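The values are calculated or read from the model by the stated rules, or taken from the named source; none is laboratory data. Since the structure is predicted, the reported quantities are computational estimates derived from the model, not experimental observations. In this analysis, Cβ positions are derived from the backbone assuming ideal geometry, glycine residues included, and neighbour counts consider all displayed protein chains.
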């Protein structure tokens with residue numbers, strides 16, 4: 001399998017954490033890319049019309065994109081569905097948590113683009129405030145359920161873990177741990193997993 005990636009992308013990291021947890025990371029060839037919200041990398045566009053990372057090309061030549069799709073594909077390879085619960089309440093709970101984590105990441109990336117990539121004279125303060133508010137509300141929602149995570153490893157906890165680490169990476173000036181003690185305690189343990197340390201953008 002080949003993965004178009006950027007080491008700083010939290011969505012790429014999500015894919016690699018899933019692959020690592022399943023023991024499949026060494027089957028993925030990582031292809032560096034120049035993905036950008038402003039100018040698409042044409043080597044990606046050939047496989048993914050949005051030009052975004054992550055984009056996975058399977059051994060059969062099928063192009064898959066969006067981290068949610070790629071992660072579920074990787075989880076299906078051995079037929080055991082260890083990361084995506086197969087059915088019932090456990091599946092819907094994991095998918096709901098994935099949606100919370102992805103929503104936090106979406107807001108964080110939009111805030112990052114607004115504050116870092118957009119020319120200063122074109123920046124919209126109300127837009128930035130709106131995205132940062134989404135981050136804070138998402139953190140509050142995670143805090144209400146973090147005490148139930150325990151040592152569970154599924155697409156929900158993986159996505160939330162990657163989202164929290166992205167806040168450390170790009171928003172270190174906004175100490176999210178303040179007011180979220182249950183989330184902070186869980187993340188302290190989760191962030192030490194080999195799958196997380198191996199994929200950290202701090203060491204990429």
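Could you figure out which of (1) in contact with a helix residue (DSSP H, G or I) (Cβ under 6 Å, 6 or more places away or on another chain); (2) at pLDDT below 95 isn't true of residue 166?
(2)
Residues in the stretch 125-136 that are surrounded by 14 or more Cβ atoms within 10 Å (Cβ to Cβ) and at pLDDT 95 or above: how many?
So the answer is 6.
Could you please let me know if residue 40 is surrounded by fewer than 19 Cβ atoms within 10 Å (Cβ to Cβ), closer than 19 Å to residue 106 by Cα and either without any contact (Cβ under 8 Å) to a residue 24 or more places away in the chain or within 17 Å of the chain's Cα centre (by Cα) (or both)?
Spelling it out, residue 40 is indeed surrounded by fewer than 19 Cβ atoms within 10 Å (Cβ to Cβ), closer than 19 Å to residue 106 by Cα and either without any contact (Cβ under 8 Å) to a residue 24 or more places away in the chain or within 17 Å of the chain's Cα centre (by Cα) (or both).
Pick out the one residue from 32, 54 that is surrounded by fewer than 14 Cβ atoms within 10 Å (Cβ to Cβ), touching a strand residue (DSSP E or B) at 6+ places or on another chain (Cβ under 9 Å) and not assigned by TED's automatic domain parsing to the domain that holds residue 154.
That would be 32, the only listed residue that is surrounded by fewer than 14 Cβ atoms within 10 Å (Cβ to Cβ), touching a strand residue (DSSP E or B) at 6+ places or on another chain (Cβ under 9 Å) and not assigned by TED's automatic domain parsing to the domain that holds residue 154.
Check the stretch 114-124 and report whether any residue there is within 21 Å of residue 67 (Cβ to Cβ) and surrounded by 16 or more Cβ atoms within 10 Å (Cβ to Cβ).
no
Go through (1) in the same structural domain as residue 159 (by TED's automatic domain parsing); (2) buried (at least 19 other Cβ atoms within 10 Å of the Cβ) for residue 17 and report which single condition fails.
(1)
When you go through (1) touching a strand residue (DSSP E or B) at 6+ places or on another chain (Cβ under 6 Å); (2) closer than 29 Å to residue 128 by Cα one by one for residue 106, which number turns out not to apply?
(1)
Please enumerate the residues belonging to the stretch 78-118 that are without any contact (Cβ under 8 Å) to a residue 60 or more places away in the chain and in a loop (DSSP other than H, G, I, E, B).
78, 79, 80, 81, 86, 87, 118
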